[in-house]
Amino acid sequence: MTDIVAFNHVVKRYPGGKMALDGVSLRLARGEMAFLTGHSGAGKSTLMKLIGLIERPTRGQVVINGTDLATVRRRQIPRYRQRLGLIFQSYNLLFDRTVFDNVALPLVIRGLGHADIARRVRAALDTVGLLSHERKFPVTLSGGEQQRVGIARAVVDRPYLLLADEPTGNLDPALSADIMRLFTRLNETGTSIMIATHAIDLVQRMGHRRIALDHGHLEAG
Amino acid sequence: MAEQRRGRDGRRPSQRQRIPTLAAPAQGWLGAHARCLIEALGRMHRRWVASLLTVFVIGITLALPTGLYVLVKNLDTLSTSWQGTVQASLYLDDDVSVERGRTLARRLDARDTIDGAEYVSAEEGLETFREASGFGDALDALPSNPLPAVVVVTPDADMTRAAVGELVDTLRGETGVARAELDQAWLERLFAILSLIERAAWVIGLLLSAAVVFIVGNTIRLDIENRREEIEVMKLLGASDAFIRRPFLYSGVWYGLSGAVVALILLGGCFVALAGPLGTLTRSYDGALDLVGLGWSGGFALLATGIALGWCGCALTVNRRLADIEPR
Ligand SMILES: Nc1ncnc2c1ncn2[C@@H]1O[C@H](COP(=O)(O)OP(=O)(O)OP(=O)(O)O)[C@@H](O)[C@H]1O
Ligand SMILES: [Mg+2]
């Protein structure tokens, strides 16, 4: 129960026959921050999709915050996802809405009142240092700024677990370090965080735990 | 940051607790719906050319059966105003005496369903015909009177067409009556045609309602396809199907409602355009005819129908489409 994430012998085989995860068992303690590394195709995104219930495991058990995900039915998925903070590269900001509205989306979905939403959105934007940009549209922001808006959106509802799939994907090293420091700060306020990344040198410098995947197998961690 | 927030919350605990427990749920629910209604309008506004075209097509589709309905309603009042002049002729058998004929006429006259019944003997009939036709000499040449005696029956003015028909059928069964006929057989035919048009209006109305459902459904389908990415993001953030569906349903409502408004405007235009010639026609009937429009209730019914069809078109599409879209 103290673990926020627990994988027990998880196997994920995609319909095409591709073995993405092959018997993975791992734990992430509450309040812990870990980097998920591995070559392209190692299964990093797959692992995160299993946690986000975007995919279901072929075999094995995934327990998140004490809930066995096999017991979460399709209708209960929205409620489950509301408690997670997900940052996926392919799911970006909505470009026809302002920065404020983008960050507010999880709170609007939860049905919070206006005043509550405004207060929390401003706090989240303040955290990522974009408070002065709330009225702008995403297209007018740089890649790094957009990424930070995405992070603000993920943390605005204070998730117990934050998942980020290559959050520094196409950012230069300085910006990447910036973003990673932001995650560290969020982690210091108590959020458990798992970040998939290719930036191994950055990970080594940060000194957090590293979970390495190799062809669907766990390497170290 | 979080520390600071906690501190600020801590300073006003009572205020923070009162607002969410009482006001927020109701306000939140109503507010959410109002927001969706406005948001749906905003979406339509953003692609206003396409929306306007859709609304126009829906408007024309709704205007057609409604116009037909108004036409039938007018023809109906027209035909009832003519019905007052309907008479039925009962042709009596040759062996019925004048005395028995008069008795029959008096007996029929006493009935509730009959306004008047007048006995016209064969001789009187011949006399009238001679005067009216001018065939006097030719008639003189005939060896005997070819006309039968007749009882002319005027049915009660308030009776429906069907009741008049039934009355004539029963009169046909009276002893001494050889044949019974409605004088204005053409009116009978008009009634038949009218009921045919009425039936056709219903059928066309049903078909075109289905068309509106399909038009709205297709528009919403394209709308959903265009917003695929947005829907995926919303699902990833934990939005329920109901939450995502709501603005689309409201789009459907807006399409239906605006379509109905366009239909009302089109019909109003037709009414104005036809008012001139119809006015002339009405005056020729000494104002006995009052043109009827859709009226308030009809107008509201049209708006309600538009909303209902828009909602249906959307509801039939949106569930299936949304279920197909999942984050990958
Ligand atoms: N939807 C899918 N259907 C079939 N195969 C898939 C699917 N998604 C991923 N795979 C396969 O599963 C394996 C693991 O993919 P995954 O996306 O988890 O890798 P990754 O570690 O995230 O790689 P990258 O660093 O390139 O993002 C890959 O070989 C990929 O081809
Ligand atoms: Mg990946």
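The values are calculated or read from the model by the stated rules, or taken from the named source; none is laboratory data. Computed from a prediction, not measured in an experiment: that's the story for all the values here. Virtual Cβ from ideal backbone geometry, glycine too; neighbours counted across all protein chains shown. In case anyone asks, the SASA skips ligands and DNA or RNA and just uses the protein heavy atoms, side chains included. Shrake-Rupley method; radii C 1.70, N 1.55, O 1.52, S 1.80 Å.
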Legend entry - Antiparallel %, DSSP beta bridges [both residues in the protein assembly as shown], to 5: 65
Inset, instruction - Report, ordered by chain and residue number, the aspartates and glutamates lying within cross-link reach of A:K136, taken as a straight Cα distance under 16 Å and ignoring same-chain residues fewer than 8 apart. - result: A:D96, A:D101, A:D126, A:E145
Legend entry - At most 13 other Cβ within 10 Å, DSSP loop - trypsin sites (Lys or Arg not before Pro), the stretch A:135-221: A:R135
Inset, instruction - Have a look at the stretch B:115-251 and give its Rg and Dmax from the Cα atoms, expressed in angstrom. - result: 33.3, 104
Inset, instruction - Identify all lysines with a Cα-Cα distance to B:K235 below 16 Å; exclude those on the same chain that are fewer than 8 residues away in sequence. - result: A:K49
Inset, instruction - Can you pull a Stokes-Einstein diffusion coefficient for the protein assembly as shown at 4 °C (1.567 mPa s), Rh from Kirkwood over Cα pairs, as a whole number of µm²/s? - result: 42
Legend entry - Modelled label reach - B:V152, point 7 Å along Cα→Cβ, the stretch B:123-138 residues with backbone N closer than 11 Å: B:125, B:128-129
Inset, instruction - Give the angle, between 0 and 90 degrees and rounded to the nearest 10, that separates the Cα long axis of helix A:143-155 from the longest principal axis of the Cα atoms of chain A. - result: 80
Inset, instruction - On the protein heavy atoms, probe 1.4 angstrom, tell me the percent of accessible surface of the stretch B:87-183 carried by carbon and sulfur. - result: 51
Inset, instruction - Tabulate in residue order the Karplus-calculated ³J(HN,Hα) for the stretch B:190-196, using 6.51 cos²θ - 1.76 cosθ + 1.60 with θ = phi - 60°, rounded to whole Hz; enter x for Gly and Pro. - result: 4, 4, 4, 5, 4, 5, 5
Inset, instruction - Let me have the relative contact order for the stretch B:87-183, percent, based on Cα pairs under 8 Å that are six or more residues apart. - result: 48
Legend entry - Note, ³J(HN,Hα) from phi for the stretch B:51-57, Karplus 6.51, -1.76, 1.60, rounded to Hz, x at Gly and Pro: 5, 4, 4, 4, 4, 5, 4
Legend entry - Efficiency of FRET between B:F271 and B:R46 - r from beta-carbon atoms, R0 35 angstrom, step 0.05: 0.55
Inset, instruction - Percent of Cα-Cα pairs per 10 Å bin, from 0 to the last occupied bin, for the stretch B:175-328, please list those. - result: 9, 24, 23, 16, 12, 8, 4, 2, 1
Legend entry - 1.4 Å probe accessible area per residue over the protein assembly as shown, in Å²: 52
Legend entry - Value of Rg to Rh for the stretch B:87-183 (Rh from inverse mean 1/r over Cα pairs, i.e. Kirkwood): 1.02
Legend entry - Computed label-point distance, nm, for sites A:D172 and A:H217 using a 7 Å Cα→Cβ extension: 4.0
Legend entry - Averaged over A:45-57, number of beta-carbon atoms from partner chains that fall within 10 Å: 1
Legend entry - Buried on assembly, the stretch A:80-108 (at least 30 Å² less accessible surface than by itself, 1.4 Å probe): A:R81, A:L86, A:Y91, A:L94, A:D96, A:R97, A:L105, A:V108
Legend entry - Efficiency of FRET between B:H33 and A:D126 - r from beta-carbon atoms, R0 30 angstrom, step 0.05: 0.45
Legend entry - B:W296/B:L222 FRET efficiency (R0 45 Å; Cβ-Cβ; nearest 0.05): 0.80
Inset, instruction - Just subtract the alpha-carbon distance of A:A29 and A:R135 from 0.36 nm times their residue separation and send over the number in nm, one decimal. - result: 34.4 nm
Inset, instruction - Give me the angle, in degrees from 0 to 90, between the Cα long axis of helix A:114-127 and the longest principal axis of the Cα atoms of chain A, rounded to the nearest 10. - result: 70
Inset, instruction - Which order do the peptides A:67-78, A:20-31, B:256-267 take when ranked by the mean count of other beta-carbon atoms within 10 Å per residue, highest first? - result: B:256-267, A:20-31, A:67-78
Legend entry - Solvent-accessible area buried by pairing A with B, both sides, nearest 100 square angstrom, 1.4 angstrom probe: 2400
Legend entry - Residue mean of other protein chain beta carbons inside 10 Å, A:190-201: 0
Inset, instruction - Place the peptides B:246-252, B:313-319, A:188-194 in order of packing, highest mean first, counting for every residue the other Cβ atoms within 10 Å and averaging per peptide. - result: B:246-252, B:313-319, A:188-194
